[in-house]
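Have a look at the structure below, then the notes.
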Amino acid sequence: MTGKAYLVGAGPGRADLISVRGLTLLRAADVVIYDRLIAQELLREIRPQAERIFAGKQTQRHIMPQAEINALLISRVRAGRHVVRLKGGDVFVFGRGGEESLALAAAGLPFEVVPGVSAAIAAPAFAGIPVTHRGLSSGFAVVAGHEDPTTAEFMVDWSVMAQVPTLVVMMGVRAVEKICAALIAHGRHPDSPAAAIGHAATDQQRVARSTVAGLPQAMAQADVHAPAVLVFGEVVSLHDQLDWFTPDDAAAGFIPITASGQ
């Protein structure tokens, strides 16, 4: 009997931002292959008899290569298991969910994608920064920032990104100085608003609110480090009025999902 793979986005930061369907599938899974940035409370929702496999990734340090993860998914589904591939944020937003789906499709195996709340929009929201706002921004772009923007191989066209009303950069902490310099070089005003949100939606959340030119220094002063999301655009100015989240909210507002579970 053939099983099925479920690629589940766990959402950012806190456990109760996972979707109802994602949580239901997690609780019923035979195998759970999970990433580094998921909320650890979610592991309590896994059945004791289920197989748990950690497949986390960090910059320049992968516990399990992507090809091995693909092979693992295929082998467990072929063995008749119901497999949840649990990822932080959303499966298809820099989560390599497309690669895993393609591997399963090529093997002729069934799979389902369960979307999650991406940190690209959730991190700004938890800092009181709407990525769109009437009169300020009618659109936004999300790009990866883990490559060096000064190299020819870099895939992001910063001449275009510098003109986007709201620009959200994921995985950009290590290259933040070069990213800001590239934006300024391509026409973004050095004094235009910018922010960085680290460990969003958790009691460790920190926000650095500054300008494009001043963001790297502001991040150092506020001790904002990875995982973090960078935001550039006039909408960042709304943080001053809409900064609603505090560390206390992370505990007081948390829904104890285990209590309503198995």
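Where a number appears in this text, it was derived from the coordinates with a stated rule and is not lab data. Being a predicted model, the structure only gives us computed values, none of them experimental.
If amide hydrogens are placed 1.01 Å from N in the peptide plane, which non-local residues have theirs closer than 5 Å to the one on I38?
Correct list: G88.
Angle check, please: helix 66-78 long axis (alpha carbons) against the longest principal axis of the chain (alpha carbons), in degrees 0 to 90, nearest 10.
Helix 66-78 sits roughly 30 degrees off the main axis of the chain.
Could you check which residue among A119, A213, A195 shows the biggest mean-square fluctuation in a GNM of the chain with a 10 Å Cα cutoff?
A213
Assuming 0.36 nm per residue, please report the length gained on full extension of the stretch Q217 to Q49 beyond their Cα-Cα distance. Each step should come with its number before you reach the end.
Values: separation 168, 0.36 × 168 = 60.48 nm, distance 4.83 nm.
My answer for the length gained is 55.7 nm.
Could you give the spread of the C-alpha atoms of the chain along their three principal axes, from largest to smallest, in whole angstroms?
So the three principal-axis extents are 60, 46, 33 Å.
Rounded to the nearest 500, what is the 222 nm mean residue ellipticity of the chain from helices alone, with -39500 (n - 2.57) per DSSP H run of 4+ residues and division by all residues?
Result for the chain, helices only: -7500 deg cm²/dmol.
How many angstrom separate the Cα center of the stretch 1-67 from the Cα center of the stretch 169-212?
29
I need the shape label for the stretch 1-90. Rule: rounded when a/c is under 1.5, else prolate if a/b > b/c, else oblate, with a, b, c from the alpha carbon gyration tensor. Intermediate results must be reported in sequence, preceding the final value.
On the way: a/c = 1.85, a/b = 1.08, b/c = 1.71.
Note, shape of the stretch 1-90 comes out oblate.
Please tell me the relative contact order of the chain in percent, rounded to the nearest whole number, where contacts are Cα pairs under 8 Å and at least six residues apart.
Normalised by residue count, the contact order of the chain is 20 percent.
Pull out a ≥ b ≥ c, the square roots of the eigenvalues of the alpha-carbon gyration tensor of the stretch 38-193, then state rounded if a/c is under 1.5, prolate if not and a/b is larger than b/c, and oblate in the remaining case. Walk me through the numbers on the way to the answer.
Numbers: a/c = 2.42, a/b = 1.92, b/c = 1.26.
Judged from the Cα gyration tensor, the stretch 38-193 comes out prolate (a/c at least 1.5, a/b above b/c).
State, to one decimal in nm², a quarter of the convex hull surface area for the C-alpha atoms of the stretch 120-242, i.e. the direction-averaged projected area.
Result: a mean projected hull area of 6.6 nm².
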